[in-house]
Protein chains: 2
Amino acid sequence: MSSYWNQFAQKLDPYVPGEQPKDKKYVKLNTNENPYPPSPKVLTAISEAVNDQLRLYPDPTCDALRQKIANHFELDPDQVFVGNGSDEVLAFSFMTFFEAEKPVAFADITYSFYKVYANLCSLNPKIIALNDDFTIPTDAFCSANGGVVIPNPNAPTGRGLPIEAIKKILNANKDQVVIVDEAYIDFGGTSVVPLINEYPNLLVVRTLSKYSSLAGIRVGFALGQKDLIRGLNTVKNSFNSYTIDRLALAGACAAIEDDAYYRDQAQKIIVTREKTTKRLQALGFSVIPSQSNFIFASHSDVNAEVIFHALRDQGVLVRYFKQPRIDNYMRITIGTDAEMDKLVEALNEILDN
Amino acid sequence: MSSYWNQFAQKLDPYVPGEQPKDKKYVKLNTNENPYPPSPKVLTAISEAVNDQLRLYPDPTCDALRQKIANHFELDPDQVFVGNGSDEVLAFSFMTFFEAEKPVAFADITYSFYKVYANLCSLNPKIIALNDDFTIPTDAFCSANGGVVIPNPNAPTGRGLPIEAIKKILNANKDQVVIVDEAYIDFGGTSVVPLINEYPNLLVVRTLSKYSSLAGIRVGFALGQKDLIRGLNTVKNSFNSYTIDRLALAGACAAIEDDAYYRDQAQKIIVTREKTTKRLQALGFSVIPSQSNFIFASHSDVNAEVIFHALRDQGVLVRYFKQPRIDNYMRITIGTDAEMDKLVEALNEILDN
């Protein structure tokens, strides 16, 4: 570590994303990407934006995109904040709403970037242990604290939350912001976006990386009452005025408009998920019920880490987290049917069936 | 202001970018964009990347782009950090290298985002007054402090710094990071990149927005010794893993490779700048000698704010900063020769020549 880094940089513990391998072609089921291509209308819209205008700055306030998102969710454009992927939106949200001295509640088993943001913002996180079946102990999120971050569905478990549980948490935290991270909501969960006008403390975060098959263009957004959105803009504009480029803006606008295409793809993923769940169960896996585009599975006899490495050797990448309580689980992204056939084939061989 | 914003967000004073008007077509000389289109090879490379792979995350470590930048500058890829525009790179740099309690030195008349970053990072900025002719008082940057940020050429003045002055500042600040912001270096300045291997405290920040005609795709980078780059990566990966999208990566790689194209465009801009300077002088303006793609001009008889508004009414946008010492100046981006004709024509009318 260098003497040039400040105290802040020296205490950070950065996030480690799932690997993006370059050595060979894998069946890539490790970073929850959508196996289906973006809408053809998205590709057309982006292609049309590849022109001499790229010499000009993009719209720093993303007006057209915010208008389209607002229309889609029946909100006002002032209730929409757009960022460079939902990770950036989450980083700005932590920076805007959570106080250094107050504890912010999130689960022990959840998206591991929350812990990194807590560190980034010098928070004192209040880590809440999930129940044994990985359901969320709603009451534990209801005692006074400095804010709540809760993904619905949760990752890496895939478990969804009933809207009544989130309402209870919102009601118990009226003075703090409750971030509901809906990165995976479109694969079977129930969104709390309709609660936004009722709850000034609710911020919903979304991404175009999963449902919209656009991990490659980096667009996420937050929905909430105007006051929260203004706060996010204040922090963002103290950091970087132009976070979304012209091509991403063009693609994101087209994606929001072509929801029909994406609904169909999501439905296919849900069907494959349910089929894969049954096939894994037949191989001796227990699988947490999932409302997302991945499943979280553990085998009765063979250790998850062993299976993870054996799958990798066979050219199938899944995600393994070496951390307490989940070190015998693998998170498996739902791919195409053909990709899941390869997964099951590899598992058959590994498990010697 | 909301009770939901934390103390940090409440004290911020965000940057206000130059306007990106949507109401009508202007001769746009207000945000220092390059008047010439990106290299045709850049547009081809981006077009080829508009495909189904957009469903996948980009390379979070930008290996291919860092390699190309490293080759271009005769550095190692570990000496290159890539960010979402040089504004993001600067934000991360402030977050990584400058301590809250120590004063960071920058000029009173300079890129106004530095003050915003200082606020973002709770620094105590040491504001150094430029000399009357807007040259930099080198010695004032040489007294012990918590770091230095110095643009070469400076904005909005356009004045370049001799390499010996920067060496003196580097030598006087061996224990602190000296950021040299070379956003405009390719329009006639002398880069300090060749000093990187000699000075562990030197970080050079660059952008593809100006010289490379790619303000629309948001790519900037920093060059420095490995230790500084590792620090930037630590902060970046505590904030957002995937800051550069697949399309921007493709375009940036092609831009770095087609330097011959861009050198020619820059040369045209330099010729237009010198010609425009003479024309403005003939109209009664004093013009600060510029090494960048803009000029900073003041009229002997008519107030700059008056001219700024009158130009706007005539469809010509320039930048005006209502702040002490420069409130009688306009910053005028160098456009094409035809655009500068329109500027001079409008000025002729306004000044009643």
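The values are calculated or read from the model by the stated rules, or taken from the named source; none is laboratory data. Just so it is clear, the structure is predicted and the values come from calculations on it, not from any experiment. Using ideal geometry, Cβ is built from the backbone for each residue, glycine included, and neighbour counts are taken over all protein chains shown.
Structure notes:
- Enumeration of residues in region A:42-58 that are of a type in the set (D, E, K, R) and under 24 Å from the mean Cα position of the chain (by Cα): none
- Residue within region A:235-253 that is out of contact with any Lys or Arg (no Cβ under 7 Å at 6 or more places or on another chain) and over 21 Å from B:GLU19 (Cα atoms) present: yes
- Checking A:TYR15 against (1) in a loop (DSSP other than H, G, I, E, B); (2) hydroxyl-bearing (Ser, Thr, Tyr); (3) without any contact (Cβ under 8 Å) to a residue 12 or more places away in the chain, the condition it does not meet: (3)
- Selection over region B:18-28 of residues that are in contact with a Leu (Cβ under 6 Å, 6 or more places away or on another chain) and part of a loop (DSSP other than H, G, I, E, B) gives a count of 1.
- Residues being surrounded by fewer than 20 Cβ atoms within 10 Å (Cβ to Cβ) and within 29 Å of A:SER122 (Cα to Cα) - total across region B:61-107: 7
- Of the residues in region A:4-14, at least one is under 27 Å from A:GLN176 (Cα atoms), under 19 Å from the mean Cα position of the chain (by Cα) and surrounded by fewer than 22 Cβ atoms within 10 Å (Cβ to Cβ).
Residues checked against (1) of a type outside the set (Asp, Glu); (2) in contact with a strand residue (DSSP E or B) (Cβ under 6 Å, 6 or more places away or on another chain); (3) assigned by TED's automatic domain parsing to the domain that holds B:ILE179:
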| position | (1), (2), (3) |
| --- | --- |
| B:TYR117 | yes, no, yes |
| B:ASP132 | no, no, yes |
| B:THR138 | yes, no, yes |
| B:GLY147 | yes, no, yes |
| B:PRO156 | yes, yes, yes |
| B:GLY160 | yes, no, yes |
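- When residues of region B:201-231 are limited to those that are out of contact with any Asp or Glu (no Cβ under 7 Å at 6 or more places or on another chain) and more than 27 Å from B:ALA266 (Cβ to Cβ), the one surrounded by the fewest Cβ atoms within 10 Å (Cβ to Cβ): B:ASP227
- Qualifying residues in region A:19-56 (those that are surrounded by fewer than 20 Cβ atoms within 10 Å (Cβ to Cβ) and among the hydrophobic types (A, V, I, L, M, F, W, C)) - the one nearest to A:PRO156 (Cα to Cα): A:LEU43
- In region A:248-299, residue nearest to the chain's Cα centre (by Cα) [restricted to those that are within 19 Å of A:ALA310 (Cβ to Cβ) and assigned to a helix (DSSP H, G or I)]: A:THR276
- Subset of region B:1-43 (residues that are of a type in the set (A, V, I, L, M, F, W, C), touching a Gly at 6+ places or on another chain (Cβ under 7 Å) and within 30 Å of A:VAL148 (Cα to Cα)): B:TRP5, B:ALA9
- Here is the figure for region A:44-70: residues that are under 19 Å from A:ARG230 (Cα atoms) and of a type outside the set (Ser, Thr, Tyr) total 11.
- Applying the criterion of being assigned to a loop (DSSP other than H, G, I, E, B) and among the hydroxyl-bearing types (Ser, Thr, Tyr) to the residues of region A:35-46, the residue that is farthest from the other protein chains (Cβ to nearest Cβ) is A:SER39.
- Of B:THR333, B:THR276, all but one fail to be closer than 26 Å to B:ALA91 by Cα and either among the polar types (S, T, N, Q) or free of Cβ contacts under 8 Å to residues at least 12 places away in the same chain (or both); the exception is B:THR333.
- Every residue from region A:17-34 that is out of contact with any strand residue (DSSP E or B) (no Cβ under 8 Å at 6 or more places or on another chain) and at the interface with another protein chain (Cβ under 8 Å from one of its Cβ atoms): A:PRO17, A:GLN20, A:LYS22, A:ASN34
- Condition check for B:LYS322 on (1) in a loop (DSSP other than H, G, I, E, B); (2) farther than 27 Å from B:LYS22 by Cα: one failure, at (2).
- Index of the failed condition, A:TYR262 passing every other in (1) under 30 Å from A:ASP352 (Cα atoms); (2) within 12 Å of another protein chain (Cβ to nearest Cβ): (1)
- Some residue of region B:5-12 being more than 7 Å from chain A (Cβ to nearest Cβ), farther than 26 Å from B:THR234 by Cα and either in contact (Cβ under 8 Å) with a residue 12 or more places away in the chain or not small (Gly, Ala, Ser) (or both): yes
- Being basic (Lys, Arg) and closer than 17 Å to A:THR207 by Cα is true of A:LYS68.
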